[in-house]
Amino acid sequence: DAGVTQSPTHLIKTRGQQVTLRCSPKSGHDTVSWYQQALGQGPQFIFQYYEEEERQRGNFPDRFSGHQFPNYSSELNVNALLLGDSALYLCASSFGTGDSPLHFGNGTRLTVT
Amino acid sequence: AQKVTQAQTEISVVEKEDVTLDCVYETRDTTYYLFWYKQPPSGELVFLIRRNSFDEQNEISGRYSWNFQKSTSSFNFTITASQVVDSAVYFCALSATSNTGKLIFGQGTTLQVKP
């Protein structure tokens, strides 16, 4: 039973570029949440997708956008990258938007130079 | 506003010592969940425990135990007889009971267990 998978594992981009990160939820899960974890900090909630719609959003600018596909997989897009966007991006999946526990992937390490 | 504070940035112990990781939270919600996660160097967040705000009973799971006290808004985590494999970053987190997809995490405590 595959858990949450994220790709790529590592990514290096230049300031001003755009990036797309991908996430496949755990089998049986239909909800995906994205988190940003800066070095030495706790993860911060970016947004949550359910039924292909953004359901909740954290305190992140519009440069951060996402998408959920009919197969429940999800993408996180970041435009006009800043040096401060360098972080570990974690995807978590769950069943529904209630109190189902989250399962996290290993994350994508994004470095912006 | 919701907030989780883990005042201990780093803790270093010698194997077999007991260690307690502190967590203090703030929320205006009357019902909420509290969590502990472990993050090894691989990066994945490993779920350890979830506690409903209505359930203040302490819990023990093997060498792990948790002390939840609503009166002091604390949810502390104790590892008994620590082992080198316990070395990791530990996060305390808070969520509303209506949607646990949005977790509020503390800053994390790095635990180093030396042989």
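Using the Cα centre of chain B as origin and beta-carbon charges of +1 (Lys, Arg) and -1 (Asp, Glu), tell me which of B:Q39, B:T100, B:S87 is placed farthest towards the positive end of the dipole. After comparing all options, I get B:T100.
Rolling a 1.4 Å probe over the protein chains gives B:S42 an accessible area of about 70 Å². Over segment A:1-109, Cα pairs under 8 Å with separation of 6+ residues give a relative contact order of 36 percent.
Projecting the Cα positions of B:F54, A:T108, A:L81 onto the charge dipole of the protein assembly as shown (unit charges on Cβ atoms of Lys, Arg, Asp and Glu, taken about the Cα centre) puts A:L81 furthest along the positive direction.
The alpha carbons of chain A occupy a box of 38, 26, 25 Å along the principal axes, longest dimension given first.
For chain B, divide the Cα radius of gyration by the Kirkwood radius and give the resulting Rg/Rh value with two decimals. Here Rg/Rh amounts to 0.96. Taking B:Q57, B:Q69, B:Q83 as the candidate residues, the one with maximal mean-square fluctuation in a Gaussian network model of chain B, Cα springs under 10 Å, is B:Q57. B:L48 exposes around 40 Å² of accessible area when a 1.4 Å probe is run over every protein chain in place. Note on B:D18 and B:F47: the extension gain reaches 8.4 nm, defined as 0.36 nm multiplied by sequence separation minus the Cα-Cα distance. With contacts taken as Cα pairs under 8 Å at a separation of at least 6 residues, chain B carries a relative contact order of 38 percent. Taking amide H as placed 1.01 Å from N in the peptide plane, the amide H of A:Q56 sits under 5 Å from that of A:Q48, each at least 5 places away or on another chain. Ordered from largest to smallest accessible area (heavy atoms of protein chains, 1.4 Å probe), the residues B:K102, B:K38 come out as B:K102, B:K38. Size check on the protein assembly as shown: the Cα extents along the three principal axes, sorted descending, read 47, 38, 36 Å.
In percent, rounded to a whole number, the relative contact order of segment B:1-54 is 31, using alpha-carbon pairs under 8 Å and six or more apart.
The values are calculated or read from the model by the stated rules, or taken from the named source; none is laboratory data. The structure displayed is predicted, hence computed values, not measured ones. Reconstructed Cβ throughout: ideal geometry from the backbone, glycine too, with neighbour counts over all protein chains shown. When the accessible area is computed, the model is the full protein with side chains, heavy atoms only, and any ligands, DNA or RNA have been set aside. Shrake-Rupley method; radii C 1.70, N 1.55, O 1.52, S 1.80 Å.
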